[in-house]
Amino acid sequence: MILSPSLLSADFSCLGQELAQLEAAGLHWLHLDVMDGAFVPNITFGPPLIRALRPGSGLFFDVHLMIEEPARYLEAFRAAGADLLVIHAETDRHPQRTLSEIRRMGLKAGLALNPGTDLEMLRWLAPDLDLLLLMSVNPGFSGQAFIPQSLSKIRSTRALLDMVGADHVPIQVDGGACPENAATLMDAGADILVSGSAFFKYRPYDARLTAFMAAVQGCTERPSLVNARAWRHGVSQSV
């Protein structure tokens, strides 16, 4: 399992220190939720904050674009220091083109699906994907309860990706992940867990990471997880 703590739940009064503590604790990823107040009922931050954090951090910046017309802002987020850009299927009329452009820029390309969004499009978009993000809560706010039917959706997604020859594409699950359900999520097909309040509210961070990792000890490691583990900031992301 890869744990990607969500920046929204960090202490915004000392973000530089927070990121340094994450690295010292052994974390490699950071999930950055960009919200525009249009696609979701919340406004967070954009490229300027990511640009400010980038020089002082070696974390892999996993940037989740919960915004309308994401294709308009790809270059801004690339220049700010993103390593992975995840667009929502619900906000892009031409996701294949946008995913291809993200890869052309040398970044990893991800697609996110809301809880009620069907999986069928994955049959045709899988060749352009590096990562598939499944929302297990409705996007917009941290601290929401996990939607139970997300488990069957994770299983169906893993089966579909494997069937179309995309067994290397990792599944990220965002919403309600904690040590108590981490093994269940992994067994269903998840590789990367986003955790906000269930991570940042429990210090020290190295102990919380250990709790997550202990919870998934013995879970099967799929090719998709092995693939994602190789992703690091500063390593060429070109395809």
Out of Ala166, Ala145, sole residue that is of a type outside the set (D, E, K, R) and within 26 Å of Leu22 (Cβ to Cβ) | Ala145
Helices (runs of 4 or more DSSP H) (entirely within segment 71-148) containing at least 1 residues that are of a type outside the set (Asp, Glu), modelled with pLDDT under 95 and farther than 15 Å from Val173 by Cβ = 122-125
Determine whether Met135 is among the hydrophobic types (A, V, I, L, M, F, W, C) and in contact (Cβ under 8 Å) with a residue 12 or more places away in the chain.
-> yes
Of everything in segment 177-215 that's β-branched (Val, Ile, Thr) and out of contact with any strand residue (DSSP E or B) (no Cβ under 9 Å at 6 or more places or on another chain), which residue is surrounded by the most Cβ atoms within 10 Å (Cβ to Cβ)?
-> Thr184
Which one is surrounded by the fewest Cβ atoms within 10 Å (Cβ to Cβ) among residues in segment 108-123 that are among the aliphatic types (A, V, I, L, M) and closer than 16 Å to Ser152 by Cβ?
-> Leu119
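For (1) at pLDDT 95 or above; (2) in a strand (DSSP E or B); (3) surrounded by 18 or more Cβ atoms within 10 Å (Cβ to Cβ), each residue gets a yes or a no:
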residue: Cys14; (1), (2), (3): yes, no, no
residue: Leu22; (1), (2), (3): yes, no, yes
residue: His31; (1), (2), (3): yes, yes, yes
residue: Arg51; (1), (2), (3): yes, no, no
residue: Pro55; (1), (2), (3): yes, no, no
residue: His64; (1), (2), (3): yes, yes, yes
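The values are calculated or read from the model by the stated rules, or taken from the named source; none is laboratory data. Bear in mind the structure is a predicted one, so any value in this text is a computation, not a measurement. As a convention, Cβ positions derive from the backbone with ideal geometry for all residues, glycine included, and neighbour counts pool all protein chains shown.
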